[in-house]
Amino acid sequence: MTRVFGEDGRVRAATVLSATPVTVTQVKSKDSKDGYQAVQVATGERRAKNISKAVLGHTKGIGYKAIREFRIPEGDVVSSELAVGSSVDVSAFAIGDRVRVSGLTKGRGFAGVVKRHRFHGGPRSHGQKHSEREAGSIGGSGGRAGGRVAKGIRMAGRMGQDRITVENLRVLAVDVKSGEITVSGAVPGSRGTLLEVRSA
């Protein structure tokens, strides 16, 4: 993350994303066996020995690190520039465009209910002992649960690694030469997280 000063003199929090070109690996149409419109793209490099033969055959022997598919709404015409083997870089975005960024949040391991669900914990006085950060009753002895623990009860568990989409971020700068795009605000994940940047 960094700061960007606008023409109006205001400073804005921003995130610089390394957007390497993506290669189109497949174009799906409604008339094909798939039955829907989509464009499949791949990016990054990975050793071929770590990839299944099915994926290697699909990508013509090239070891891509990640493959993603983007649906195209019915009625929209797929651009002729999106042919198999063509590449898409950051020049597809312009300053002022609104984008949405999706990715996995930071993994925080096993967390208690206070950190994970923002519980208040138990009282700190009146005879309580070692219950400051406990969850309390889970309602399993009758009532709406009927003698069991109902699904969806908030408890301690693994936290993070959730797919999050941040909407309505503005493109502040585009550097085609270095393959970087600067968007306003924060995006999910840590350094090195794979993100999807789409037009809002």
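The values are calculated or read from the model by the stated rules, or taken from the named source; none is laboratory data. Note that this is a predicted model, so its numbers are computed, not measured. Note that we place each Cβ from the backbone using ideal geometry, even for glycine, and neighbour counts take in every protein chain shown.
Any residue in segment 134-155 that is outside any strand (DSSP E or B) and in contact (Cβ under 8 Å) with a residue 24 or more places away in the chain? Yes, segment 134-155 contains at least one residue that is outside any strand (DSSP E or B) and in contact (Cβ under 8 Å) with a residue 24 or more places away in the chain. Every test in (1) outside any loop (DSSP other than H, G, I, E, B); (2) out of contact with any strand residue (DSSP E or B) (no Cβ under 8 Å at 6 or more places or on another chain); (3) closer than 30 Å to residue 5 by Cβ is passed by residue 182 save one, and that test is (2).
Please give the number of the condition residue 187 fails out of (1) in contact with a Gly (Cβ under 9 Å, 6 or more places away or on another chain); (2) assigned to a loop (DSSP other than H, G, I, E, B); (3) more than 21 Å from residue 41 (Cβ to Cβ). Tallying (1) in contact with a Gly (Cβ under 9 Å, 6 or more places away or on another chain); (2) assigned to a loop (DSSP other than H, G, I, E, B); (3) more than 21 Å from residue 41 (Cβ to Cβ), residue 187 fails exactly one: (3). Within segment 51-71, restricting attention to residues that are of a type outside the set (Lys, Arg) and part of a helix (DSSP H, G or I), which residue is nearest to the chain's Cα centre (by Cα)? That would be 55. From the list 96, 57, which one is surrounded by fewer than 12 Cβ atoms within 10 Å (Cβ to Cβ), at pLDDT 90 or above and closer than 30 Å to residue 176 by Cβ? Every option except 96 fails the conditions. Each residue in segment 19-63 was checked for being among the hydrophobic types (A, V, I, L, M, F, W, C) and more than 18 Å from residue 87 (Cβ to Cβ), and 5 of them qualify. The residues of segment 19-54 that are of a type in the set (S, T, N, Q) and either more than 17 Å from residue 193 (Cβ to Cβ) or at pLDDT 95 or above (or both), listed by number, are 23, 25, 26, 29, 32, 37, 40, 50, 52. Taking the stated definitions as given, is residue 102 surrounded by 11 or more Cβ atoms within 10 Å (Cβ to Cβ), in contact (Cβ under 8 Å) with a residue 24 or more places away in the chain, in contact with an Asp or Glu (Cβ under 6 Å, 6 or more places away or on another chain) and assigned by TED's automatic domain parsing to the domain that holds residue 40? The answer is yes for residue 102.
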